[in-house]
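Only one structure is covered here, and it is reproduced in the block below.
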Amino acid sequence: MSDTEHVELLGLTFERLYTQAALEEAVTRLAGEICKGFDHNADPLALCILNGAFVFAADLVRRLPFELSVEFVRYRSYHGLNASQHPEELLGLTQRIAQRDVLIIEDIVDTGLTMQSLLDNLKGRGARSIQIASMFTKSEAFAGNFAIDYVGLDLPNRFVVGYGLDYNGLGRNLPDLYILSE
């Protein structure tokens, strides 16, 4: 299944793009940036977007030296290799967010449709401030009108797996990040 340089999932071949060490370095850098730029003095909330961001969120929050609550929401925005134009909320918020500083932890922002839906939801619930930490972005595909405050790595506009991201449920457990071979 894997020779570390390549993996095969459901008949598709992916090539390694970033090693585990490179990903860890990006997470450490992001944690430092968040410590400097995120208001963590008044009951902050880290909001992890499932399923893909669970690996990044776990790595990131362990590097943050301040108290914070963690909450999970889940959206479906991909079907196979294709992004949906209408993200579907599968698991919503359970914690109060009014007058709280919220740090959204996302695995990847490509078009921005899922994030825009979540931002609208959080603003409507009265969050004091909202910042976004995304391990990966695809600036070529981004069509949002919001800022991503903390970015780990920018990727080409191609399908990736590993480090929490999947292809039809497979590949999330890969410690490296892989890109679909052309």
From DSSP H assignment alone, runs of 4+ in the chain each adding -39500 (n - 2.57), the sum over residues rounded to the nearest 500 puts [θ] at 222 nm at -6500 deg cm²/dmol
Most exposed first, judged by fewest Cβ atoms within 10 angstrom, 114, 4 run 4, 114
Most fluctuating of 57, 22, 133 in the GNM of the chain (C-alpha, under 10 Å) is 22
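Any idea what the alpha-carbon Rg over 2.2 N^0.38 Å comes to for the range 99-182?
Values: Rg = 13.9 Å, N = 84, 2.2 N^0.38 = 11.8 Å.
For the range 99-182, the normalised Cα radius of gyration comes out at 1.18.
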Shape descriptors of the chain over alpha-carbon atoms, Rg and Dmax in angstrom, are 15.9, 49
Taking alpha-carbon centroids only, the range 27-50 lies from the range 109-130 a number of Å equal to 16 Å
In the chain the DSSP beta bridges are antiparallel at a rate, in percent to nearest 5, of 45 percent
Under 5 Å from the placed amide H of residue 155, counting only residues 5+ away or on other chains, we find 137, 138, 139
Highest GNM mean-square fluctuation among 109, 160, 73, for the chain with Cα springs under 10 Å, belongs to 73
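Values quoted throughout were computed directly from the atomic coordinates according to the rules given, and no laboratory measurement underlies them. Everything numeric here is computed off the predicted structure, so don't read it as measured data. Cβ: placed from backbone, ideal geometry, glycine included. Neighbour counts: every protein chain shown.
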